[in-house]
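The values are calculated or read from the model by the stated rules, or taken from the named source; none is laboratory data. Note that the structure is a prediction, hence the values are computed from the model and not measured. Note: ideal-geometry Cβ built from the backbone for every residue, glycine included; neighbour counts use all protein chains shown.
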Amino acid sequence: MFCENAKLRSNGACKNLDLTMVVEVKKVGVIGAGQMGNGIAHVSALAGYDVVLHDISQDRIDNGLASISGNMARQLAKGTLTEEARNLALARITTSENVSSLADADLVIEAVSENEQIKRKVFQSVCPILKPEAILSTNTSSISITRLASATDRPEKFIGIHFMNPVPVMELVELVRGIATSDDTFEISKGYTLGLKKTIAVSEDFPAFMVNRILLPMINEAIYTLYEGVGSVEAIDTAMRLGANHPMGPLQLADFIGLDTCLSIMQVLYEGLADTKYRPCPLLVKYVEAGWLGRKTQRGFYDYRGEVPVPTR
């Protein structure tokens, strides 16, 4: 129930609430220049949004820009992008190591590691910088939107915008509302996402949402199949590619996603739903402890250090 002078009544008392809202997203801030962050910057710039790509080091930013340039070059070679469109998109992207560069962004998307504590620290550092009407979102693939929103100063302007990897290629985006997310925040985020020519699937705020609630237990079961000696890495991946018509095998896909990310999502499912069927496979835990995280570290269920990937087990 709203009180006079734009205040919100809660537990019998009124407290100040800023009801201003972004009317249209023109400038997008992206926090994190890694695989997901640079992909979000890529598609946002191509869609005509001005983009600020922020990370904590220039090396990370440079690597992110190199990925964007390389991915756009591949689109150009395939004929899905023109030279003019590429040049215009690249010109829309600015970068910064300073979080204050996000001060005039209409929408800020956090795309750092799938670690709740890291994300909370990001929100605590960025919230004082943002303009009051800015929308803050997270690209988390599994963590509660409601819980993350509680670490911000704007839970009603907080939402999950979960892109699929690789962002420039994958068509789907999951939109996830927290308990406090306003209708305006949802509609503006929806408009931004549709502006990227993505397809939206709206998910309730449950652990891992929809895609990863289904996908990651399958990957975890494939790892159990390997762990128990039912099949080799190559046999399991071949079986699912040819027997289930999957574009890549589950172990190859796990390496592509990142085994640390797979483990994080399984832990969220296991802890959030309290069901033993979501228990992370001990072999997945062992690989992560060894630092074998998949393609990004050159070793996971496959060894990528040679010309051809070779199974590591």
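Among the residues of region 86-103, which ones are assigned to a helix (DSSP H, G or I) and of a type in the set (A, V, I, L, M, F, W, C)?
Leu88, Ala89, Leu90, Ala91, Val99, Leu102
Residues that are in contact with a Leu (Cβ under 8 Å, 6 or more places away or on another chain) and either farther than 19 Å from Ile265 by Cα or surrounded by fewer than 15 Cβ atoms within 10 Å (Cβ to Cβ) (or both) within region 169-195 comprise Phe186, Ile188, Ser189, Lys190, Tyr192, Thr193, listed in sequence order. Cβ separations smaller than 7 Å between residues 6+ apart or across chains give no pair from region 16-29 residues that are farther than 15 Å from Asp104 by Cβ and outside the structural domain of Asp183 (by TED's automatic domain parsing) to residues that are of a type outside the set (Phe, Trp, Tyr) and at pLDDT below 65.
Residues checked against (1) in contact (Cβ under 8 Å) with a residue 12 or more places away in the chain; (2) among the small types (Gly, Ala, Ser); (3) outside any helix (DSSP H, G or I):
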| position | (1), (2), (3) |
| --- | --- |
| Leu53 | yes, no, yes |
| Ile61 | yes, no, no |
| Leu65 | yes, no, no |
| Ala77 | no, yes, no |
| Leu81 | yes, no, yes |
| Ala105 | yes, yes, yes |
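Restrict the check to region 210-231 and report whether at least one residue is closer than 21 Å to Gln35 by Cβ, among the acidic types (Asp, Glu) and in a loop (DSSP other than H, G, I, E, B). Looking for residues that are closer than 21 Å to Gln35 by Cβ, among the acidic types (Asp, Glu) and in a loop (DSSP other than H, G, I, E, B), one finds none in region 210-231, hence no. When residues in region 37-66 are screened for being surrounded by fewer than 19 Cβ atoms within 10 Å (Cβ to Cβ), more than 21 Å from Glu24 (Cα to Cα) and not acidic (Asp, Glu), 6 of them pass. Tallying residues that are over 16 Å from the mean Cα position of the chain (by Cα) and either surrounded by 24 or more Cβ atoms within 10 Å (Cβ to Cβ) or under 21 Å from Ser113 (Cβ atoms) (or both) within region 147-168 yields 5.
Residue by residue through region 141-175, note down the ones that are touching a residue at least 12 places away in the same chain (Cβ under 8 Å), over 30 Å from Arg86 (Cβ atoms) and assigned to a loop (DSSP other than H, G, I, E, B). Of everything in region 141-175, those that are touching a residue at least 12 places away in the same chain (Cβ under 8 Å), over 30 Å from Arg86 (Cβ atoms) and assigned to a loop (DSSP other than H, G, I, E, B) turn out to be Ser142, Ile143, Ser144, Ala151, Thr152, Asp153, Arg154. Among the residues of region 296-313 satisfying the criterion of being assigned to a strand (DSSP E or B) and touching a residue at least 24 places away in the same chain (Cβ under 8 Å), which is farthest from Phe206 (Cα to Cα)? Step by step, filter region 296-313, then rank; the result is Pro311.
Under the condition of being surrounded by 14 or more Cβ atoms within 10 Å (Cβ to Cβ) and over 18 Å from the mean Cα position of the chain (by Cα), the residues counted in region 280-308 number 16.
Scanning region 273-295 for residues that are within 15 Å of Glu114 (Cα to Cα) and in a helix (DSSP H, G or I) returns a single hit, Val288.
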